[in-house]
Amino acid sequence: MIDLLVQLPVEKVPSVFEGTANTIAVIVLLMEFGMLRAALLRAQVQLYAAQSLAVSVLAVVIAAGRDIPELYVLGGVSFLLKTVIVPRVINRLLRDSQSEIAGSGALGVASEVVLSIVVAAFGFFAVGSLGLQSSVLPTTALSLSIAVVLVAFVLMILRRDVVSQAIGFFSLENGISMASLVVAAGMPLILEVAFIFDLLVAVVVFGVLMRVHQGRTRTLSTLNLDKLRG
């Protein structure tokens, strides 16, 4: 009996660091589902800010758990830009619009949620089957980050208003940021910060698009853009 117990494989108990990182990654994914279900544009913006805060906290957790001081700076820059500045810019643009309700989706809410769950599950298990290993973060966090990216694509494709599509693009960047923390957390700080500031370009582009589109059509809906099809 003792010999049998000795031969049994011992399951590795997740450390506090791994458990914390995986929990934050799950929160980021749940926030993405929340954006997909949100009916109010300002609610989407608030969920994006909360999701960005979670990604910033994840960077700080990795910095403390893996002794990478540069990530403290990255977490601070990410918090300032994505949790404070970007939501304020979008909310300021929304003040000039009479629209408060997100545009209707190409599918019903229930169908969108089911589709996003299927897409997220596909991304999660597809990455998990690759057997990738990381010395920085648990591989589960990488699988969850890919699921976030895929659900963000669903949000961008199915929602028919400029704000929802912009939020989908910005949250897609959050998923990519989380994936980069898994596979390349030790990149030079200048490169990591440069990736974040690419988001500023996207904010400017979407900001101009929102203002021009709303000024010409008096709505944030993109349904009338179907007329541009050749």
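Among the residues of region 124-154, those identified as open to solvent by less than 20 Å² (accessible area, probe 1.4 Å), at pLDDT 85 or above and within 16 Å of Met31 (Cβ to Cβ) are Leu144, Ser145, Ala147, Val148, Val151, Ala152, Val154. Residues that are open to solvent by 10 Å² or more (accessible area, probe 1.4 Å) and at pLDDT below 85 within region 158-170 comprise Leu158, Arg159, Arg160, Gln165, listed in sequence order.
Exactly one residue out of Ala59, Ala54 is out of contact with any Pro (no Cβ under 6 Å at 6 or more places or on another chain) and open to solvent by 10 Å² or more (accessible area, probe 1.4 Å): that is Ala54.
The values are calculated or read from the model by the stated rules, or taken from the named source; none is laboratory data. Given the structure is predicted, the values throughout are model-derived calculations rather than measurements. Positions of Cβ are backbone-derived with ideal geometry, glycine not excepted, and every protein chain shown enters the neighbour counts. When the accessible area is computed, the model is the full protein with side chains, heavy atoms only, and any ligands, DNA or RNA have been set aside. Shrake-Rupley method; radii C 1.70, N 1.55, O 1.52, S 1.80 Å.
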